[in-house]
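Asker: Could you have a look at this structure, given as structure tokens, before my questions?
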Amino acid sequence: RNGNLGFLLIPVIVAIAACPSTTPPPTPQFAGIPGCGPSGGLLGPSHRSFPTPAALAAEVAMLSHLLPVRRVGVLHGPGTPPSAVQALVNSSPVTGVTVVVQAAGSERQLPPAIRQLLGSGVDVVLVADEPMLMQKDVLAYLVIVTLDDGKPMVAARTDAVCAGATVGFDASAFQPHSQALSMGVNVRACRALGLNPPPALLAQAALVIR
């Protein structure tokens, strides 16, 4: 349904009904861009971080410059502690949004998990920083599915914008008193969704894909 995917990634064959790991890995389009690594991929290993309610509140405040956010869908894998998940589910008084959480215990469970999350009426999808979810082929799959549904995909690490995520936040070192977040913005992905990131937001980003 979305005709702008070509601006984000070199075409990649994705079998939505199949396990993403069985599809060919995408060829990144952002090789050589500062911050994206020599092959256009992620900078390094997963931080295995999951946003706290305070960090999510700061992320929602940033995202509000792009679009109204009332429901946030969070996709996580088997590495996220249940206590962290429950804290986000109960975080509405802090974040001001409703959080819908969906787990995928394996790569094979990703297609039904992301479809269920998108079908729950969320405004954005936040993908947790877990090794299973931060693989380039898995990220490419999630980018295509979320864009096709017209929803921004926000990843819990800055350099995920190199793989096509709309926005990336690194909350691993978030300090509530400073509200400081490392952020990446993929302007191409924003425009594919009809979003226009303001210059003030881009000025705060550590990594911008244009």
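Asker: I need the full set of residues from the range 116-129 which are assigned to a helix (DSSP H, G or I) and either hydrophobic (A, V, I, L, M, F, W, C) or touching a Phe, Trp or Tyr at 6+ places or on another chain (Cβ under 9 Å) (or both), in order please.
Answerer: If the condition is that a residue be assigned to a helix (DSSP H, G or I) and either hydrophobic (A, V, I, L, M, F, W, C) or touching a Phe, Trp or Tyr at 6+ places or on another chain (Cβ under 9 Å) (or both), then Leu117, Leu118 are the ones that fit.
Asker: Can I ask one more? Scan the range 75-99 residue by residue and report those that are crowded, with 19+ Cβ neighbours inside 10 Å and not small (Gly, Ala, Ser).
Answerer: The answer is Leu75, His76, Thr80, Leu88, Thr95, Val97, Val99.
Asker: Looking at the range 52-74, which of its residues are of a type outside the set (Val, Ile, Thr) and open to solvent by 50 Å² or more (accessible area, probe 1.4 Å)?
Answerer: Correct list: Ala61, Ser64, His65, Pro68, Arg70, Arg71.
One line per residue, one yes/no per condition, for (1) within 17 Å of Cys190 (Cβ to Cβ); (2) touching a residue at least 60 places away in the same chain (Cβ under 8 Å):
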| residue | (1), (2) |
| --- | --- |
| Pro81 | no, no |
| Gln86 | no, no |
| Asp137 | no, yes |
| Tyr141 | no, yes |
| Ile144 | yes, yes |
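Asker: If you don't mind, there's one more thing I want to ask. Using beta carbons and a limit of 9 Å, which pairs, at least six apart or on different chains, have the first residue in the range 101-112 and part of a helix (DSSP H, G or I) and the second one open to solvent by less than 40 Å² (accessible area, probe 1.4 Å) and aromatic (Phe, Trp, Tyr)?
Answerer: Here the result reads Leu110/Tyr141; Pro111/Tyr141, each pair linking the range 101-112 to a residue that is open to solvent by less than 40 Å² (accessible area, probe 1.4 Å) and aromatic (Phe, Trp, Tyr).
Rundown of residues vs (1) in contact with an Asp or Glu (Cβ under 7 Å, 6 or more places away or on another chain); (2) more than 15 Å from Ala61 (Cα to Cα); (3) open to solvent by 10 Å² or more (accessible area, probe 1.4 Å); (4) in a loop (DSSP other than H, G, I, E, B), yes/no style:
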residue: Ile114; (1), (2), (3), (4): no, yes, no, no
residue: Pro131; (1), (2), (3), (4): no, yes, yes, yes
residue: Leu139; (1), (2), (3), (4): no, yes, no, no
residue: Ile144; (1), (2), (3), (4): no, yes, yes, no
residue: Cys162; (1), (2), (3), (4): no, yes, no, no
residue: Met183; (1), (2), (3), (4): no, no, no, no
residue: Cys190; (1), (2), (3), (4): no, yes, no, no
residue: Leu201; (1), (2), (3), (4): no, no, no, no
residue: Val208; (1), (2), (3), (4): no, yes, yes, no
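The values are calculated or read from the model by the stated rules, or taken from the named source; none is laboratory data. Since this is a predicted model, take the numbers as computed values, not measurements. Because the Cβ atoms are built from the backbone with ideal geometry, glycine has one as well, and the counts that use them run over all protein chains shown. Please note that ligands, DNA and RNA were not included when accessible areas were found on the heavy atoms of the full protein model with its side chains. Shrake-Rupley method; radii C 1.70, N 1.55, O 1.52, S 1.80 Å.
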